[in-house]
Amino acid sequence: MSGTGSEVDVLVQRVVRDLSTALNRNRNIDEIGLIPCPEARYNRSPIVMVENKLGVESWCVKFLLPYVHNKLLLYRQRRLWLDRQALVDITCTLLLLNPDLTTAWNVRKELVESGALSPERDLYLGKLALSKSPKSPETWIHRRWVLLHLLQKAPPADQNQTDAERSRHLSEQLAQTLHEEMKVCADAACRYPSNYNAWSHRIWVLQRLAKGNVKVFLDELASMRPWVSTHVSDHSGFHYRQFLLQELTGSLGPPAGCCANGERSEGEEAQRDLPTVLQLFCREMELCSDLIQSFPGHETLWSHRRHVFFLWHRWKEQHRDDSGDEGSDPAGGAQTPISCGDSQTSAGVPMEVDRGCSSDPQDIKRLRRGVPVPRPPSSQTERVFVSSLLDGCGPEQRSFALAYRKWLDTVVGVPS
């Protein structure tokens, strides 16, 4: 396409208007992208809508991007006046094409603070920009600013609502925001492998919106298990699981002692459905073992196993004195846990368990049903696992296994 400057200006203004109209008419657009098209073939708008997908024909970008960028710079230099709606449209077009322009995001911050632009609408633009550029650091930074703005904004007080109703309404809003942010982060992580920016944002959101909420962290740990099982080389995803484990170990703690009659206190009864720290680490080590055996030769899996075992070893050392009996494990009962491989006890005879206060009542119930308590991870069990892999494994798997065993000897040291 060739033409005079005025013709190009008219064309670009029409494209900006068409893009703004498409976004306003369809609030369910969830993805934007460029359509390879070297030149205009038809006399029609380059904005294409298919279901909830929005495309921009690539031939117009070389005219569109310089035009809106120049308009924004002239505005910032106070050489051009633009009304608020024009600023919204220009910054929207510019950021959808190139979301790493800090100046455009700063202009939108001013629009949000002045009330000309709703924070929810700005989050929606960021979501669309991330569908095209999922690793854009400026987009993630701006998204955190908008979320902080929402959190700091006081909800409107309704005289007809009680304090409990207002609190419940605020909790529902936070839960909805949390769910939406988790979805945006998951989509960005799937579009770009090892998307550190997306996983860091996910951690930031949990720290701000779900701090101390054990159920949310447990749900996140469970929901991420299938994801990491299909992305075994994505270190950022496993780092996120390490963050969840570290937060949960600080929230759950070792089981408290029971009453003299073997029953739980009121506080313990409220948390009876929560897993113990031992169960968390046993499940995570089991996941590591399954993935290492199913996908040999992935360094990310060995690095994750090393971090998980170090977290467990450090937690156990910190809580060694929390147990009343030196022989008891800080995360379980006083008795030595039974390995899943031990089958000496007859399965048909229920095990007799002492009702002493040193055991966890949940473990007592499992033992009476004949379900063994999981064995805590230790240096010995880790060496046995490594030895079982060394026979018949490939060179890469063998190298990682030997490095892990050397790490056990030099860092962890004395068998635990």
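Points to keep in mind about this one:
- Flag if residue 301 is open to solvent by less than 10 Å² (accessible area, probe 1.4 Å), within 17 Å of residue 218 (Cα to Cα) and in contact with a helix residue (DSSP H, G or I) (Cβ under 8 Å, 6 or more places away or on another chain): no
- The residues listed here are 94, 65, 72; of these, the one that is closer than 21 Å to residue 136 by Cβ and touching a His at 6+ places or on another chain (Cβ under 7 Å) is 94.
- Scope region 281-302; condition in contact (Cβ under 8 Å) with a residue 60 or more places away in the chain and under 17 Å from residue 408 (Cβ atoms); matching residues: 281, 285, 289, 292, 299, 301, 302
- Residues within region 84-116 that are of a type in the set (Gly, Ala, Ser) and surrounded by 18 or more Cβ atoms within 10 Å (Cβ to Cβ), tallied: 1
- Of the numbered criteria (1) touching a helix residue (DSSP H, G or I) at 6+ places or on another chain (Cβ under 6 Å); (2) open to solvent by 20 Å² or more (accessible area, probe 1.4 Å); (3) closer than 30 Å to residue 202 by Cα; (4) part of a helix (DSSP H, G or I), the one residue 124 fails is (1).
- Verdict on residue 171 being on the phi < 0 side of the Ramachandran plot, out of contact with any helix residue (DSSP H, G or I) (no Cβ under 6 Å at 6 or more places or on another chain) and open to solvent by less than 60 Å² (accessible area, probe 1.4 Å): no
- When residue 308 is tested against (1) within 12 Å of residue 249 (Cα to Cα); (2) open to solvent by 10 Å² or more (accessible area, probe 1.4 Å), only condition (2) is not met.
- Residue 76 falls short on exactly one of the conditions (1) at pLDDT 95 or above; (2) more than 23 Å from residue 153 (Cβ to Cβ), and that condition is (1).
- Every residue from region 25-83 that is of a type in the set (Lys, Arg) and buried (at least 17 other Cβ atoms within 10 Å of the Cβ): 71
- Test set (1) open to solvent by 40 Å² or more (accessible area, probe 1.4 Å); (2) modelled with pLDDT of 95 or more; (3) under 18 Å from residue 211 (Cα atoms) - residue 201 fails condition number: (1)
The values are calculated or read from the model by the stated rules, or taken from the named source; none is laboratory data. Everything quoted here is computed from the prediction, not taken from an experiment. For neighbour counting, all protein chains shown are included, and Cβ atoms are generated from backbone atoms with ideal geometry for every residue, glycine included. What goes into the accessible areas is simple: the full protein's heavy atoms, side chains included, and nothing from ligands, DNA or RNA. Shrake-Rupley method; radii C 1.70, N 1.55, O 1.52, S 1.80 Å.
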